[in-house]
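Every read-out reported here was derived from the displayed coordinates using simple, explicitly stated rules and does not represent laboratory data. On a predicted model such as this, the values are computed, not experimentally measured, just so you know. All Cβ positions, glycine included, derive from the backbone under ideal geometry; neighbour counts span all protein chains shown.
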Amino acid sequence: MKYSKWIGMAACILLIAVCFMPWTYHADVQKNFTGFFSQNDAYGKPGKFFVFFSIIAFGLIVLQKVWAQRIHLFFAGVMLAYAIKTYILYTSCYNAYCPDKKAGIFLMLGLTLVIFASSLFPDIKIDTGKKEK
């Protein structure tokens, strides 16, 4: 893909911003949960993970080396798996109560999918060593 590098870099920056958005609303405690806040840290702070891995993914996208793209594929896969786990954790019901899903949780999941897709189709030029005649 011609623009996969730029799309991946934009997705990394947007994912960092989405970590500060409300992901779910819990009416029983009347609070919005984000990537950095949950009541008594019940769900941890997945925003720290996403920020750290987004910075690494951004750096690997910028590097135009084959080894960097292979490592980026690994990191993007780990991010996607963790995003699915986080989605299930944040949106699951407890004590016969289901939290309201906000836009941030869907954006988090979608942006990690975009980062993974950009790692599958890197925009890289490979020098084969052959000279054209």
Residue that is farthest from residue 61 (Cα to Cα), among those in the stretch 99-133 that are without any contact (Cβ under 8 Å) to a residue 12 or more places away in the chain and over 21 Å from the mean Cα position of the chain (by Cα) = 133
inquiry  = Looking at 64, 69, can you tell me which residue is in contact (Cβ under 8 Å) with a residue 60 or more places away in the chain, within 29 Å of residue 3 (Cα to Cα) and over 14 Å from the mean Cα position of the chain (by Cα)?
reply    = 64
inquiry  = The conditions are (1) within 30 Å of residue 3 (Cβ to Cβ); (2) in contact with a helix residue (DSSP H, G or I) (Cβ under 7 Å, 6 or more places away or on another chain), and residue 43 fails exactly one of them. Which is it?
reply    = (1)
inquiry  = Among the listed residues 77, 59, 47, identify the single one that is among the small types (Gly, Ala, Ser) and buried (at least 20 other Cβ atoms within 10 Å of the Cβ).
reply    = 47
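Return yes when residue 96 is over 21 Å from residue 112 (Cα atoms), exposed (fewer than 13 other Cβ atoms within 10 Å of the Cβ) and in contact (Cβ under 8 Å) with a residue 40 or more places away in the chain and no when it is not.
Considered against the rule, which asks whether it is over 21 Å from residue 112 (Cα atoms), exposed (fewer than 13 other Cβ atoms within 10 Å of the Cβ) and in contact (Cβ under 8 Å) with a residue 40 or more places away in the chain, residue 96 comes out as no.
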task = Return the total of residues in the stretch 31-63 being touching a strand residue (DSSP E or B) at 6+ places or on another chain (Cβ under 9 Å) and either acidic (Asp, Glu) or assigned to a helix (DSSP H, G or I) (or both).
result = 1
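Here's the yes/no breakdown for (1) over 30 Å from residue 25 (Cα atoms); (2) in contact with a helix residue (DSSP H, G or I) (Cβ under 8 Å, 6 or more places away or on another chain):
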position	(1), (2)
55	no, yes
67	yes, no
71	yes, yes
87	no, yes
110	no, no
remark   = Of the residues in the stretch 104-133, those that are over 24 Å from residue 74 (Cβ atoms) and buried (at least 16 other Cβ atoms within 10 Å of the Cβ) come to 104, 105
inquiry  = Tell me whether the stretch 81-91 contains one or more residues that are within 18 Å of residue 10 (Cα to Cα) and among the hydrophobic types (A, V, I, L, M, F, W, C).
reply    = yes
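Does the stretch 79-93 contain at least one residue that is part of a loop (DSSP other than H, G, I, E, B), small (Gly, Ala, Ser) and free of Cβ contacts under 8 Å to residues at least 24 places away in the same chain? Working first, answer last.
From the stretch 79-93, those part of a loop (DSSP other than H, G, I, E, B) are 92-93; that's our starting set.
Checking which are small (Gly, Ala, Ser) leaves us with 92.
Narrowing further to those that are free of Cβ contacts under 8 Å to residues at least 24 places away in the same chain: 92.
Looking for residues that are part of a loop (DSSP other than H, G, I, E, B), small (Gly, Ala, Ser) and free of Cβ contacts under 8 Å to residues at least 24 places away in the same chain, one finds at least one in the stretch 79-93, hence yes.
Matching residues to (1) in contact (Cβ under 8 Å) with a residue 24 or more places away in the chain; (2) over 15 Å from residue 78 (Cα atoms); (3) among the polar types (S, T, N, Q):
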position: 19; (1), (2), (3): yes, yes, no
position: 36; (1), (2), (3): no, yes, no
position: 42; (1), (2), (3): no, yes, no
position: 45; (1), (2), (3): no, yes, no
position: 49; (1), (2), (3): yes, no, no
position: 56; (1), (2), (3): no, no, no
position: 59; (1), (2), (3): no, yes, no
